[in-house]
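Peer 1: So that we are looking at the same thing, I have put the structure below in structure tokens.
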Ligand code: PBG
């Protein structure tokens, strides 16, 4: 509509006047006003630190594909956990690089109450009780073929795998794990783990389900870290989700919540922020994302080449998780970013 003066009006107001008076840059003009209107914030409380453990004593090993990340023996992990707790990091998530001689067809070492992961939990709990411990319960660190399940005639057998994972979870809880995190994507594993925990006197141990774990290329450096890269034959497409699918990710998450998941996770992270947002909107659950090894190494690699500012890219990537709806992030950057946030 036009006035007699030929001006455009909308809702009784002059359009020039509206667009002219609406200046979004006003709140961006100073540091204080930018801080005042900032919608999302990353804090140390958002961080979960994934760590790699090895057998032995007083030893660290570099992981070439993950610059700055090291595998460490349990005694060193205890010291690192103490440092993390002092920085205010709420929890660590442990991943074992198991000696090849202890890996077999069925991943039976997951049922050893004294396996590397359980020894690490006990040691950290004894010395640093204030930090939360999240244990990954999956067969891949323990199988000679690097798959997350038991193979029969080339096929991952769902229910037998679930039984073994649930039993392994009970040992992890007995060792002191606070949160059990199944990363295998077998059907029914969350319910089976919940039942097993409850039946064995661990009703307060929580489950963080890797609710939507995609068959992703971004896990490459992790497989070097836990030593499965040379072992894995084929791929994990019969149990991880197709990266093309989003409704399926919602159905998978709905199922895990129905089975008793206390927290849900999206993995990988940054390429899947649409999934994070959908899950948060649909379920209002504590929602996490795993900024996986490949995402970490891309930022580290580009920064080492001088192509991006590594520190800013790290902070921006982590803030993006918050904006998408995450309550927290599993990230190899945790100690580095915690130090930075502490100022
Ligand atoms: C498997 C598992 C994977 C990761 C953690 N546990 C994926 C895989 O190897 O298939 C990936 C973590 C990362 O890339 O940082 N149970």
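The values are calculated or read from the model by the stated rules, or taken from the named source; none is laboratory data. Remember, it's a predicted structure, so these values are computed and weren't measured experimentally. So basically every Cβ, Gly included, is an ideal-geometry build from the backbone, and we count neighbours across all protein chains shown.
Peer 1: Based on what the data block shows, is residue 115 closer than 26 Å to residue 209 by Cβ and at pLDDT 95 or above?
Peer 2: Against the criterion (closer than 26 Å to residue 209 by Cβ and at pLDDT 95 or above), residue 115 qualifies.
Peer 1: Among the residues that make up the range 183-192, is at least one of them buried (at least 24 other Cβ atoms within 10 Å of the Cβ) and more than 13 Å from residue 138 (Cα to Cα)?
Peer 2: No, every residue in the range 183-192 fails to be buried (at least 24 other Cβ atoms within 10 Å of the Cβ) and more than 13 Å from residue 138 (Cα to Cα).
Peer 1: Consider residue 104 carefully, then state whether it is surrounded by 10 or more Cβ atoms within 10 Å (Cβ to Cβ), modelled with pLDDT of 95 or more and under 30 Å from residue 160 (Cβ atoms).
Peer 2: The answer is yes for residue 104.
Peer 1: Let me ask something else. Report, ordered by the first and then the second residue, all pairs with beta carbons closer than 6 Å, sequence separation of six or more or different chains, a first member in the range 323-343 that is in the same structural domain as residue 300 (by TED's automatic domain parsing) and away from the ligand (no atom under 16 Å from the Cβ), and a second member that is assigned to a loop (DSSP other than H, G, I, E, B) and at pLDDT 95 or above.
Peer 2: Hits for this filter: 323/40; 327/286; 338/89.
Peer 1: Would you say residue 300 is assigned to a helix (DSSP H, G or I), away from the ligand (no atom under 16 Å from the Cβ), buried (at least 16 other Cβ atoms within 10 Å of the Cβ) and assigned by TED's automatic domain parsing to the domain that holds residue 68?
Peer 2: Considered against the rule, which asks whether it is assigned to a helix (DSSP H, G or I), away from the ligand (no atom under 16 Å from the Cβ), buried (at least 16 other Cβ atoms within 10 Å of the Cβ) and assigned by TED's automatic domain parsing to the domain that holds residue 68, residue 300 comes out as no.
Peer 1: Here is a follow-up. Kindly provide the set of residues from the range 281-297 that are more than 16 Å from the ligand (Cβ to nearest atom) and either closer than 22 Å to residue 225 by Cα or not in a strand (DSSP E or B) (or both), ordered by number. Write out each step before concluding.
Peer 2: Just the residues of the range 281-297 that are more than 16 Å from the ligand (Cβ to nearest atom), to begin with: 281-287.
Of everything in the range 281-297, those that are more than 16 Å from the ligand (Cβ to nearest atom) and either closer than 22 Å to residue 225 by Cα or not in a strand (DSSP E or B) (or both) turn out to be 281, 282, 283, 284, 285, 286.
Peer 1: Kindly indicate whether residue 39 is in a strand (DSSP E or B) and away from the ligand (no atom under 16 Å from the Cβ). Don't jump to the end; show me each part of the working.
Peer 2: On the way: in a strand (DSSP E or B): no; away from the ligand (no atom under 16 Å from the Cβ): yes.
It is false that residue 39 is in a strand (DSSP E or B) and away from the ligand (no atom under 16 Å from the Cβ).
Peer 1: Return the residues of the range 107-131 that are surrounded by fewer than 23 Cβ atoms within 10 Å (Cβ to Cβ) and more than 19 Å from residue 73 (Cα to Cα); say none if nothing qualifies.
Peer 2: 108, 111, 130
Quick grid of which residues meet (1) closer than 30 Å to residue 68 by Cα; (2) touching a helix residue (DSSP H, G or I) at 6+ places or on another chain (Cβ under 6 Å); (3) not assigned by TED's automatic domain parsing to the domain that holds residue 153:
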site: 180; (1), (2), (3): yes, yes, no
site: 183; (1), (2), (3): yes, no, no
site: 186; (1), (2), (3): no, yes, no
site: 215; (1), (2), (3): yes, no, no
site: 220; (1), (2), (3): yes, yes, no
site: 251; (1), (2), (3): no, no, no
site: 264; (1), (2), (3): yes, yes, no
site: 268; (1), (2), (3): yes, yes, no
